[in-house]
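Heads up: the structure comes next, in structure tokens.
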Amino acid sequence: MCIGAPGKIILIKNKKAKVRQKNHCHWLDISFLEKKSKKIKKGDYLISYQGIAVNKVPKKEAKEIYKLLD
């Protein structure tokens with residue numbers, strides 16, 4: 001089973017966002033969300049699957065998910 005944990009955007013470059021999840025960082029393709037007319041900016045939280053950002057979540061919801069996963 002795969003659990004989508006939110007990652008906080010720390011950098012955006014072209015169609016990629018560098019996100020931090022707990023104690024590691026990785027790059028996500030954000031073009032899918034941009035096609036859905038989602039405004040993506042530094043500090044936003046994203047849910048991803050297979051290296052693709054599939055949803056943007058509010059900060060409050062991201063924090064609640066982190067608590068559940070701890």
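A short reminder: the numbers here are calculations on the coordinates, not readings from a lab. Just so it is clear, the structure is predicted and the values come from calculations on it, not from any experiment. Note that we place each Cβ from the backbone using ideal geometry, even for glycine, and neighbour counts take in every protein chain shown.
Between 0 and 90 degrees, the angle of helix 59-69 with respect to the longest Cα principal axis of the chain falls at about 40 degrees. For the pair K63 and K41 in one chain, pulling the backbone fully straight at 0.36 nm per residue adds 6.1 nm over the alpha carbon distance.
Trypsin sites (Lys or Arg not before Pro), restricted to region 4-70: which are DSSP loop and have at most 10 other Cβ atoms within 10 Å?
Answer in residue order: K22, K36, K39, K41.
With viscosity set to 1.306 mPa s at 10 °C, what whole-number translational diffusion coefficient in µm²/s follows for the chain from Stokes-Einstein and a Kirkwood radius over Cα pairs?
Values: Rh = 12.0 Å.
In µm²/s, the coefficient rounds to 133.
Any of K36/K67; K22/K59; K13/K67; K16/K67 with alpha carbons more than 25 Å apart? Name them for me. Distance filter (> 25 Å) returns K36/K67; K13/K67; K16/K67.
Remark on region 31-70: ratio of C-alpha radius of gyration to 2.2 N^0.38 Å is 1.22.
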